[in-house]
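FYI, it's all coordinate maths here, none of it is from the lab. These numbers were taken from a predicted model, which means no experiment stands behind them. Every residue, glycine as well, gets a Cβ built from its backbone with ideal geometry; the counts of neighbours run over all protein chains shown.
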Amino acid sequence: MATGRSDYPNQVNNVLGFPYIFRGALDVRARTINMEMKIAAAEALAALAQEDVPDEVAAAYQGARPKFGREYIIPVPFDPRLMTTIPLAVAKAAMETGVSAKPIVDMKAYAAQLSARRDPVAGTLNRIFERVRRYPKRIVFAEGEEEQVIRAAVSFVNQGLGRAILVGREDRIGETATFLGVDLEGKDIEIHNARLSKRNSAYANFLYERLQRQGYLFRDCQRLINNDRNHFAAAMVALGDADGMVTGVTRNYSIALEDVRHVIDEKPGHKLIGLSIALSRGRNVLVADTAITEMPTAQELADIAIEAAGVGRRLGYEPRVALLAFSTFGHPAGERSDKVREAVKILDTMRVDFEYDGEMAADVALNRELMAQYPFCRLTQPANILVMPAFHSASISTKMLQELGGATVIGPLIVGLDKPVQIVPLGAKDSDIVNMAALAAFNIGG
């Protein structure tokens, strides 16, 4: 049973309906809120309670993830999915019962708008998700026995993004899915046990050809394929048995990247970089290099700028690249700014097709009024791509921005590999894994 008391399970709280019922009614300019609209809201709540809950809800339960049953027959008030689910159901009911003065033509677009209102990441990724739905891909989830990875794979499939491939032991994945209350039957999900796969011999031969002159024996490569899921998953992608890969939940970023690079090379003519998307105050800024090159040379900074500009265009931006330093156009003078100025000169000789300038401080690059004090600056507007002078400054600044500045940071994204691979942060939530899987399917690196 459900009650109105907060000290019992299944609290009936008025925020489950307010403001979501009114949101749906207002968005279709409903003349009234009729019984059909209320019933639609109730049925949407009932359906939502039976779905696997996201990490945001589990966190409120101190890690004890609720499952549909005696003590969970109604969603909790802080479930972020309410913002999308309830208004959508109410709006549909209003249109079907003829009380809507402004019907919504594209309900999918409306659902995306609702998601974007509560989550800036959703707004940024919506276009990518829609592209992936039109061209679904086969994405390998390397750590397929982990709870959040299984939930992410199911969500990836349920959202129509493609086929999910879980790497792991069938019995362990099945047990975990049962514990989570997730049904894998009838879904577009494959399970591959690396040790028992019919393809592991081909993968081992492929890996041996790559690593034999780096001191690896054939049995070393065979052991990596059989026992290491990153190597197995990357080999699937390299040999065309999958379109992309996501990993990182159980390993540090650098270790996971090293595993992948044993199997997949950089794309010819491209620079391998880590790129983060920072979202703050309605602005999106790309930051590079946040993961790969620790102390880039002037030439490497120029290459990073070109690679980041390419990603910016792929995401729909017109690139305006600022090469950052602690100084702005020579003041104060410093040895570490010299290579940034040299990188700008290198870009000058390459005749690139995007705006760029440097060296400049971050506030000048992002603030129109401060930039106006330098009328010779080549950027026509504040920068939307920031090239950091070193890996450590990029990593420190993006993490501080996220923790102290209230910004949302996606990434680092891997750009420049010959095949689509993305690595999530250690212990990532299921929603983060889905986002990275979608970016792998989109092939953000081009």
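Worth pointing out:
- Three-way shape call for the chain based on the alpha-carbon gyration tensor, with the a/c threshold at 1.5: oblate
- Environment charge at Asn158 (Cβ cut-off 10 Å; Lys +1, Arg +1, Asp -1, Glu -1): -2
- Reachable lysines, given that their alpha-carbon falls under 23 Å from the alpha-carbon of Lys419 and they are not under 8 places away in the same chain: Lys137, Lys198, Lys267, Lys271
- Computed over the range 14-118, Kirkwood Rh from alpha-carbon pairs, angstrom: 14.2 Å
- Note, ³J(HN,Hα) from phi for the range 28-45, Karplus 6.51, -1.76, 1.60, rounded to Hz, x at Gly and Pro: 9, 6, 5, 7, 7, 10, 8, 5, 4, 5, 5, 5, 4, 5, 5, 5, 5, 5
- Ala291 long-range amide H proximity, modeled H, under 5 Å: Gly274
- The charge dipole of the chain, taken about the Cα centre with unit charges on the Cβ atoms of Lys, Arg (+1) and Asp, Glu (-1), comes to about 840 debye, rounded to the nearest 20.
- Using alpha-carbon coordinates, inclination of helix 430-442 to the longest axis of the chain, degrees: 60 degrees
- Positive-end ranking of Gly427, Asn384, His331 along the dipole of the range 290-443, with charges on Cβ about the Cα centre, is headed by Asn384.
- Angle between the chain longest axis and helix 298-314 axis [Cα atoms, degrees, rounded to 10]: 30 degrees
- Unit charges at the beta carbon, dipole of the range 267-372: most positive-side option, Gly316, Ala288, His270: Gly316
- Against the chain, whose longest principal axis is taken from its Cα atoms, helix 147-158 shows a tilt of about 80°.
- Along each principal axis, Cα extent of the range 129-261, largest first, Å: 45, 34, 29
- For Ile255 and Glu209, a Förster radius of 22 Å and the Cβ-Cβ distance give a FRET efficiency of 0.40, rounded to the nearest 0.05.
- Each Cα pair under 8 Å and six or more residues apart adds its sequence gap; the mean of these over the residue count of the chain is a relative contact order of 16 percent.
- Rounded to whole numbers, the Karplus 3J(HN,Hα) couplings from phi for the range 165-170 are 10, 9, 9, x, 7, 4 Hz, using 6.51 cos²θ - 1.76 cosθ + 1.60 with θ = phi - 60°, and x at Gly and Pro.
- Translational D in µm²/s for the range 295-446 (Stokes-Einstein at 10 °C, 1.306 mPa s, Kirkwood Rh from C-alpha pairs): 97 µm²/s
- Furthest towards positive pole of dipole, Asn252, Val149, Pro80, structure part the chain, Cβ charges: Pro80
- Residues Asp183, Asp432, Asp188 in ascending order of nearby Cβ atoms (within 10 Å, fewest first): Asp183, Asp188, Asp432.
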